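Quick notes on the structure that follows.
The values are calculated or read from the model by the stated rules, or taken from the named source; none is laboratory data. As the structure is a prediction and not an experimental result, all values here were calculated from the model. Cβ placement follows ideal geometry from the backbone for every residue including glycine, while neighbour counts extend to all protein chains displayed. All accessible areas refer to the heavy atoms of the entire protein, side chains included, with ligands and DNA or RNA removed. Shrake-Rupley method; radii C 1.70, N 1.55, O 1.52, S 1.80 Å.
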Amino acid sequence: MTGFSFTLNATDGRARAGLIQTPRGEIRTPAFMPVGTAATVKAMLPESVRATGADILLGNTYHLMLRPGAGRIARLGGLHRFMNWDRPILTDSGGFQVMSLADLRKLTEEGVTFASHVDGSRHFLSPETSMEIQRLLGSDIVMAFDECPALPATHERQAEAMRLSMRWAQRSRDAFGDRPGHALFGIMQGGVERDLREESAEALRRIGFDGYAIGGLAVGEGQEAMFGVLDYAPELLPRDKPRYLMGVGKPDDIVGAVQRGVDMMDCVLPSRSGRTGQAWTRRGQVNIKNARHADDPRPLDERCTCPACTGYSRAYLHHVFRAGEMISGMLLTWHNLHYYQEIMQGMRDAIAGGTLDNWIAGFHAVRAQGDIEAI
């Protein structure tokens, strides 16, 4: 396989199951991408991430350009070799982090000048520099550079940001050029305004991309508003290309997004939660810090086959978290990533079998039971 392609294999309502082909391997959709911000999924070895069922990881342009630098990664053989992950990698463009993390930023038509949150050093990111950094990293899926305005914002402010992002999308497309085996995704913006989302989707389709992302959601607008946009936004994008919802989310967010036609998602939640003592299980969230777990010999989830559940008790997981032991974050992160991938596989199978509504009803029914009774 030499190129990038997407095959839609099954649909169930608006939900889709398919396969993205890349030179570095296949990505089964719907797909959840663990986040490896700084060339690592925190608390996990790459082979452990793969063992959870992940086909693709996400890396972060903003963080990697600051530390250790895209040039250094390129000299050391590219991001895949650098982090010992031989499967596909998607890199975001850096736009969101510039807007949310950087200090003293100055936004112009040309790009964004900003001060690093690490050491205060000055940097400049534009569509062209973002494409060059992502080329140096060697990622398989490259994201167009966009502006992500903070919500809530006025319709006028969102329109201004969206139209700038569409001009930057064209510049990203031009700067990306012809790179066989690598894909460029455009990003739809427009907040929660349907007219702006429609205008953005039309602009992106005119430019033409290998895949399309829905950006500017999961930024505090709430699940109801997000689902309100997802009720129409995926259908504005080409049916024969992957659709990627950026930065989502909690398990019920993911299920609702897939139900509405989304193919790809990413979120730091499973790994970040794991490091802070939060486990996601089929019966909802478990806070391992709570004293109720101190004498509990049972696993987090008796139906789960991850190492945390097959080898360790809630009492042990409670102890190592309280003791500040590194194995706590390792085991809980592995469990969370395993559970997220189990959700994705369950939905892929259900879409293929035409039984997604039943699967989703079961998913919500079990979650509604809440955690097992304390001993």
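A compact table of results
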item: Test: residue in segment 305-326 that is part of a loop (DSSP other than H, G, I, E, B) and within 25 Å of the chain's Cα centre (by Cα); result: yes
item: Tally of residues being at pLDDT below 95 and either crowded, with 22+ Cβ neighbours inside 10 Å or touching a Lys or Arg at 6+ places or on another chain (Cβ under 7 Å) (or both) across segment 192-211; result: 0
item: Ala159 being open to solvent by less than 50 Å² (accessible area, probe 1.4 Å), among the hydrophobic types (A, V, I, L, M, F, W, C) and in contact with a helix residue (DSSP H, G or I) (Cβ under 8 Å, 6 or more places away or on another chain); result: yes
item: Those residues of segment 347-359 which are open to solvent by less than 70 Å² (accessible area, probe 1.4 Å), of a type outside the set (Ser, Thr, Tyr) and out of contact with any helix residue (DSSP H, G or I) (no Cβ under 6 Å at 6 or more places or on another chain), in sequence order; result: Arg348, Ile351, Gly353, Gly354
item: Which numbered condition Ser271 fails, given (1) in contact (Cβ under 8 Å) with a residue 60 or more places away in the chain; (2) touching a helix residue (DSSP H, G or I) at 6+ places or on another chain (Cβ under 8 Å); (3) under 26 Å from Ala10 (Cβ atoms); (4) among the hydroxyl-bearing types (Ser, Thr, Tyr); result: (3)
item: Selection from segment 75-110 of residues that are assigned to a helix (DSSP H, G or I) and open to solvent by 20 Å² or more (accessible area, probe 1.4 Å); result: Arg75, Arg81, Phe82, Met83, Phe96, Gln97, Met99, Ser100
item: Glu198 vs. criteria in contact with a helix residue (DSSP H, G or I) (Cβ under 7 Å, 6 or more places away or on another chain) and acidic (Asp, Glu); result: yes
item: Filter result for Phe114 (free of Cβ contacts under 8 Å to residues at least 24 places away in the same chain and out of contact with any Leu (no Cβ under 9 Å at 6 or more places or on another chain)); result: no
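Per-residue answers, yes or no, for (1) farther than 25 Å from Ala51 by Cβ; (2) of a type outside the set (Val, Ile, Thr); (3) touching a Leu at 6+ places or on another chain (Cβ under 9 Å):
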| site | (1), (2), (3) |
| --- | --- |
| Pro88 | no, yes, yes |
| Thr91 | no, no, yes |
| Gly95 | yes, yes, yes |
| Met99 | yes, yes, yes |
| Leu104 | yes, yes, no |
